[in-house]
1. How large a share of the accessible area of region 16-109, in percent, is made up of carbon and sulfur atoms when the probe is 1.4 Å and the other protein chains stay in place?
2. Pop out the ³J(HN,Hα) list for region 100-112 in order, Karplus 6.51 cos²θ - 1.76 cosθ + 1.60 with θ = phi - 60°, rounded to Hz; leave Gly and Pro as x.
3. What FRET efficiency would be calculated for the residue pair THR40, ALA60, taking the C-beta separation as r and a Förster radius of 25 Å, to the nearest 0.05?
4. So what is the relative contact order for region 1-133, in percent, with contacts set as C-alpha pairs under 8 Å and at least six apart?
5. Could you give the length gained on full extension between ALA19 and ASP153, defined as 0.36 nm per residue of separation minus the Cα-Cα distance, in nm?
6. Residues of region 1-90: accessible area per residue at 1.4 Å, in Å²?
Amino acid sequence: MPLPFSRLAIRLLLPALAASGGYYAGWRHGAHDGQNQMQTRIAILQAQHSQSLQHQQAQALLAQQKWQQRINQLEAELLRQQHALQQQQRLAAQRIDHVITQDGPRYTGLGPDSLRLYRQLLGYSADLPGAQPLAAGNSPQAAGPASGLPAADLLAHAADYGVWCQQLEQRLIALRQLFSPPEPHP
């Protein structure tokens, strides 16, 4: 009888070995597929993250370019305004000589034309509301024309101060424009 049992064992052993070998192969194949799926998922997540970073970098670069363009526009406008102010200052120097000559030596300090120019150089209206300047000869208390500051110096100071104030105002406007949203073009 041992013979039939060994045949039976051999007959059962072969399918058992095949089944365990198949199980092992299936388990290995499943583990390999799971690992491949995990690697594929990781690769997809890395690609998505990379695309997200590229998108963020592109947006940041675009924002930087817009800021740079806005700064360049404002800088060009400031330079244009500074050149205009320098031209204005040169013209003011010519006007100073003209009004001093026009007022003549009969006034102590600023004569009427000089006073009008003084007001204009400081950014005010040239009108002299209700003021009627008098010649120094009409006032016994007035100092002589040689005393005090010369009209040319007063007017030159007013011209320099007026340009300085206008430059500060232009810079303030440019800073305000830089940090406020741009106005839509019509």
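1. Details: 4290 of 7510 Å².
Here it works out to 57 percent.
2. Karplus values, whole Hz, x for Gly and Pro: 5, 5, 5, 5, x, x, 7, 10, 8, x, 9, x, x.
3. Working: r = 30 Å, r/R0 = 1.22.
Between THR40 and ALA60 the formula returns 0.25.
4. On the way: 26 pairs, mean separation 13.7, N = 133.
Across region 1-133, relative contact order equals 10 percent.
5. Numbers: separation 134, 0.36 × 134 = 48.24 nm, distance 11.25 nm.
Between ALA19 and ASP153, full extension yields an extra 37.0 nm.
6. Working: 7870 Å² over 90 residues.
Ligands and nucleic acids excluded, the result is 87 Å² per residue.
The values are calculated or read from the model by the stated rules, or taken from the named source; none is laboratory data. Everything numeric in this text was worked out from a predicted model, so none of it was measured. Ideal geometry is used to build each Cβ from the backbone, glycine not excepted, and the neighbour counts take in all protein chains shown. Note: accessible area is taken over every heavy atom of the protein model, side chains too, but ligands, DNA and RNA are not part of it. Shrake-Rupley method; radii C 1.70, N 1.55, O 1.52, S 1.80 Å.
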